[in-house]
């Protein structure tokens, strides 16, 4: 018998599911119609036109339903309808409203929906702008939407095989068999949801995923254009839109990736902005291949060369997005990634394998079919031509991405390798050294090429002028890099090379922009992007090479360091320093003093720890610099023990001091302190307590005490105490316990506390000696404040601003180029009309 | 042969040799027994926390020293010293991946990753890395 459940809201779920189905069917219909439009293009133009109109209609309907799905799910989350698994799993009543949207992309289905949403928006733009390529590109785009649709369908076949999972699943379906659902009124017991992972409660979580997913979604467009060109066997019309879209894609995906880095840097304690983590690599690799494709298509536009490789690059870029989804969403990375992603298991694993198989089959099939007929240039390019070196650069970037992929994919190919060799492969023990050691050479080659090719011309370049420009550039760069390398103590030769490369890049692009391009803004796009790239290299080098920890623990159990191999990793782990409350410790050039924590956990349930940093002048012993840092942490976040920390950073123009808490005193401990009795007879009497003293200011009768509600017949007396701290940054605080004579018969008390100091005051008795003389008997209790301590880790990142600035410049360069391209296209349309 | 082809060939050869050489860089998953055959060499051991045995961690004395016992996949028990802060929720972990080396019978580890069961069966990978 079916139970009739009470208190459920089933309508939104039904509506949502309806939208899911409509969006799927509409995408399918659009694919089919556009496909018919392609097939009848030659034979029956009239019918082709009507198929086209139907295809458009289908896609518009699809977009509308995707927005419908979005709104319905948002409604469910916003209204805390916890009968839905998605709302239960990812949101909670106490979640601040700005994070409601973030619940979307915390879950699997939500992020697929976000991806789908961007695809459909981009699809609408392509629909309006693709012209002769509309039918074919839209077949691809709609088809990918069909594929994504299957991810959120949640259909069952024969009970065991599940296709996708719907975001509108009910809690009782998601957790079938749980005893609570035997009760019809189970909703009465489900008061709150699981909430958003505290690590993700951060403004970055609000903006980073939409931008990153827009970057992912954008790869579909150059892919669709490339496939469309192959399909049509016509390779001219796709050039301009593909360049424009991949410029936008490069800018957005690049921003997304670096925002991820900034997020990790600013608010997660991963100890840096880039860790070569598999999840980071999974979004970097598609960007690298995209950049290769962007450069080869420029070669193709200018010279007619490099068409096949261009198409391969754009196909790969989009395929790699699916591959990175596969890596990050199926839990296959489990053992190797620090990012806490949930694995939705086997179903998704095979689903994504099928998807990648289908897309690969289509792309490969078309490639093989058209391979022979693709236009190629028979002659050889000149040794001093732009296309030659640009091509080499693109290939190097591509090869670098292969290396990153091979290492990142260890969990994917390890089972096969084990079967062959019997060895169970694991990632390198020092991942950073592994990647850095190889990629530094890529950075050098690509950096040198990127700066050199802007001086070159397509077809051929005059060797003499080129030599002159490059000579001047190299000379300035050499001087600059020697100065920086000397100043920053960069001693490893490969990093000296990288330093020269980045200086060369910066000098070359500025020189070129001013001397040769004469600041013509429209043309500056590539120059600015390459300048940004060189600055990124410089920023990475300076901030990573001299990144160092300034908290060293010199106490405690000595660590047996026989093994040379582990010396470095051992050092890595002696970087937590205990700061007892009020006791200064040396942290780098500073004396760091832990002052105390925020009395109560803040609105967002964080505890903030106040740490004062003071730098002394050695001679005069005076404080020459002082600042406060407030690293914070979620203490015992839901379902977890311990703390989840967020860093606090002091920024300077040339370096950052980055701190976070790795441990703190357990405040929830049993309290064993007892009350001490004090007799206070005249103002000025002083009680010494730990970390300070209390001064008695006499008795008071005027009550501003909000906790006390006057009752008729009361005689309230207040003992006025002021707490003064030993530490300069702690303000004095009032401590005013009450003694109340009620109806002249009995006595009540109202105690006062200073939680941050662990101070409790109880006004026990009032001994009246004469009219003007009375002694207050006060009991003071103080819990052990000496036990209050934090464990701090502090790092210095020099010149990290160069990196952020470089990224911004680079992205800006992309947009200049894009703007130029669009304005020229606009002009052409105007000319054609005139 | 075209210039491009020559350069491409060179690049491909370099890439292949780099990729072969990075294979030497890759570590392996071992057991405590096989790790003790190569003392001092950093490897990974997949194991489980032995909850019966004591865990020693005194944050105040040395926040970088955490001692516990772990069983590897073949069931051998070994003492583990982790020089970092105690990973949160390690008591709840159902599997831990430890990176380090054997020295005098003790496994010195500098990185720990844990797999924790979340409340509702779904697997969750939690972070327990010190570096």
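Residue check: residue A:532 meets all listed conditions (1) part of a helix (DSSP H, G or I); (2) in contact with a strand residue (DSSP E or B) (Cβ under 9 Å, 6 or more places away or on another chain) but one, namely (2). Which one is nearest to the chain's Cα centre (by Cα) among residues in segment A:167-217 that are more than 14 Å from every other protein chain (Cβ to nearest Cβ), more than 21 Å from residue A:102 (Cα to Cα) and crowded, with 17+ Cβ neighbours inside 10 Å? In this case the residue turns out to be A:187.
All of (1) surrounded by fewer than 19 Cβ atoms within 10 Å (Cβ to Cβ); (2) part of a helix (DSSP H, G or I) hold for residue A:423 with one exception: (2).
Filter segment A:17-52 down to the residues that are in a loop (DSSP other than H, G, I, E, B) and free of Cβ contacts under 8 Å to residues at least 12 places away in the same chain, then identify the one that is nearest to residue A:140 (Cα to Cα).
A:40
Considering only residues in segment B:92-107 that are over 24 Å from residue A:272 (Cβ atoms) and within 7 Å of another protein chain (Cβ to nearest Cβ), the one that is modelled with the highest pLDDT turns out to be B:101. Just to be sure before I move on: is residue A:35 surrounded by fewer than 19 Cβ atoms within 10 Å (Cβ to Cβ), in contact with a helix residue (DSSP H, G or I) (Cβ under 7 Å, 6 or more places away or on another chain) and outside the structural domain of residue A:230 (by TED's automatic domain parsing) in the structure I sent? For residue A:35, the condition - surrounded by fewer than 19 Cβ atoms within 10 Å (Cβ to Cβ), in contact with a helix residue (DSSP H, G or I) (Cβ under 7 Å, 6 or more places away or on another chain) and outside the structural domain of residue A:230 (by TED's automatic domain parsing) - is met. The set of residues in segment A:681-696 that are buried (at least 17 other Cβ atoms within 10 Å of the Cβ), in a strand (DSSP E or B) and at pLDDT below 85 comprises A:689, A:692.
Restricting the search to segment B:1-20, which residues are facing another protein chain (nearest Cβ under 9 Å) and over 19 Å from residue A:296 (Cα atoms)? Within segment B:1-20, B:14, B:15, B:18, B:19 meet the criteria. Taking the criterion of being within 13 Å of chain A (Cβ to nearest Cβ), buried (at least 20 other Cβ atoms within 10 Å of the Cβ) and part of a strand (DSSP E or B), the residues of segment B:32-56 that qualify are B:43, B:44, B:45, B:47. Within segment A:664-677, is there a residue that is modelled with pLDDT of 75 or more and within 14 Å of chain B (Cβ to nearest Cβ)? Within segment A:664-677 (the criterion being modelled with pLDDT of 75 or more and within 14 Å of chain B (Cβ to nearest Cβ)), the answer is yes, since at least one residue qualifies. Somewhere in segment A:62-75, is a residue surrounded by 20 or more Cβ atoms within 10 Å (Cβ to Cβ), at pLDDT 85 or above, closer than 25 Å to residue A:188 by Cβ and more than 26 Å from the chain's Cα centre (by Cα)? Yes: segment A:62-75 contains one or more residues that are surrounded by 20 or more Cβ atoms within 10 Å (Cβ to Cβ), at pLDDT 85 or above, closer than 25 Å to residue A:188 by Cβ and more than 26 Å from the chain's Cα centre (by Cα).
Could you grab me the full set of residues in segment B:57-74 that are closer than 24 Å to residue A:643 by Cα and within 13 Å of chain A (Cβ to nearest Cβ)? It would help to see each step written out before you state the result.
Of all residues in segment B:57-74, those closer than 24 Å to residue A:643 by Cα come to B:57-70.
B:57, B:58, B:59, B:60, B:61, B:62, B:63, B:64, B:65, B:66, B:67, listed by residue number.
For (1) farther than 16 Å from residue A:697 by Cβ; (2) touching a residue at least 12 places away in the same chain (Cβ under 8 Å); (3) assigned by TED's automatic domain parsing to the domain that holds residue A:713; (4) surrounded by 13 or more Cβ atoms within 10 Å (Cβ to Cβ), each residue gets a yes or a no:
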site	(1), (2), (3), (4)
A:730	yes, yes, yes, yes
A:744	yes, yes, yes, no
A:751	yes, yes, yes, yes
A:754	no, yes, yes, yes
A:761	no, yes, yes, yes
A:764	yes, yes, yes, yes
A:768	yes, no, yes, no
A:777	yes, yes, yes, yes
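Could you grab me the full set of residues in segment A:174-219 that are assigned to a helix (DSSP H, G or I), in contact with a helix residue (DSSP H, G or I) (Cβ under 6 Å, 6 or more places away or on another chain) and farther than 29 Å from residue A:635 by Cα? Of everything in segment A:174-219, those that are assigned to a helix (DSSP H, G or I), in contact with a helix residue (DSSP H, G or I) (Cβ under 6 Å, 6 or more places away or on another chain) and farther than 29 Å from residue A:635 by Cα turn out to be A:174, A:180, A:181, A:186, A:211, A:212, A:213, A:214, A:215, A:216, A:217, A:218.
The set of residues from segment A:539-586 being closer than 30 Å to residue A:616 by Cβ, at pLDDT below 50 and at the interface with chain B (Cβ under 7 Å from one of its Cβ atoms) comprises A:555, A:556, A:572. Set side by side, the residues A:149, A:110 differ, and just one is within 16 Å of residue A:13 (Cβ to Cβ) and within 28 Å of the chain's Cα centre (by Cα), which is A:110.
What residue, among those in segment A:360-381 that are modelled with pLDDT of 90 or more and crowded, with 17+ Cβ neighbours inside 10 Å, is farthest from the other protein chains (Cβ to nearest Cβ)? It comes out as A:366.
Any idea which residue in segment A:333-359 is modelled with the lowest pLDDT, counting only those that are away from chain B (no Cβ under 11 Å) and surrounded by 14 or more Cβ atoms within 10 Å (Cβ to Cβ)?
Only one residue fits best here, namely A:347.
Assess whether residue A:374 counts as being in contact with a helix residue (DSSP H, G or I) (Cβ under 6 Å, 6 or more places away or on another chain) and assigned by TED's automatic domain parsing to the domain that holds residue A:297. Considered against the rule, which asks whether it is in contact with a helix residue (DSSP H, G or I) (Cβ under 6 Å, 6 or more places away or on another chain) and assigned by TED's automatic domain parsing to the domain that holds residue A:297, residue A:374 comes out as yes. For segment A:80-95, state whether one or more residues are touching a strand residue (DSSP E or B) at 6+ places or on another chain (Cβ under 7 Å), in a helix (DSSP H, G or I) and crowded, with 20+ Cβ neighbours inside 10 Å. Yes, some residue in segment A:80-95 is touching a strand residue (DSSP E or B) at 6+ places or on another chain (Cβ under 7 Å), in a helix (DSSP H, G or I) and crowded, with 20+ Cβ neighbours inside 10 Å. In segment A:782-796, the count of residues that are assigned to a helix (DSSP H, G or I) and either surrounded by fewer than 17 Cβ atoms within 10 Å (Cβ to Cβ) or at positive phi (or both) is one or more. Going by the structure shown, is residue B:29 under 27 Å from residue A:413 (Cα atoms) and either assigned to a strand (DSSP E or B) or more than 7 Å from chain A (Cβ to nearest Cβ) (or both)? Yes. Within segment A:411-435, being under 21 Å from residue B:100 (Cα atoms) and more than 7 Å from chain B (Cβ to nearest Cβ) holds for A:411, A:414, A:430, A:431, A:432, A:433, A:435.
The residues of segment A:389-401 that are within 7 Å of chain B (Cβ to nearest Cβ) and either within 14 Å of residue A:305 (Cβ to Cβ) or more than 29 Å from the chain's Cα centre (by Cα) (or both), listed by number, are A:391, A:392, A:395.
The values are calculated or read from the model by the stated rules, or taken from the named source; none is laboratory data. No experiment lies behind these values; they were computed from the predicted model shown. Methodologically, a virtual Cβ is constructed for each residue, glycine included, from the backbone with ideal geometry; neighbour enumeration extends over all protein chains shown.
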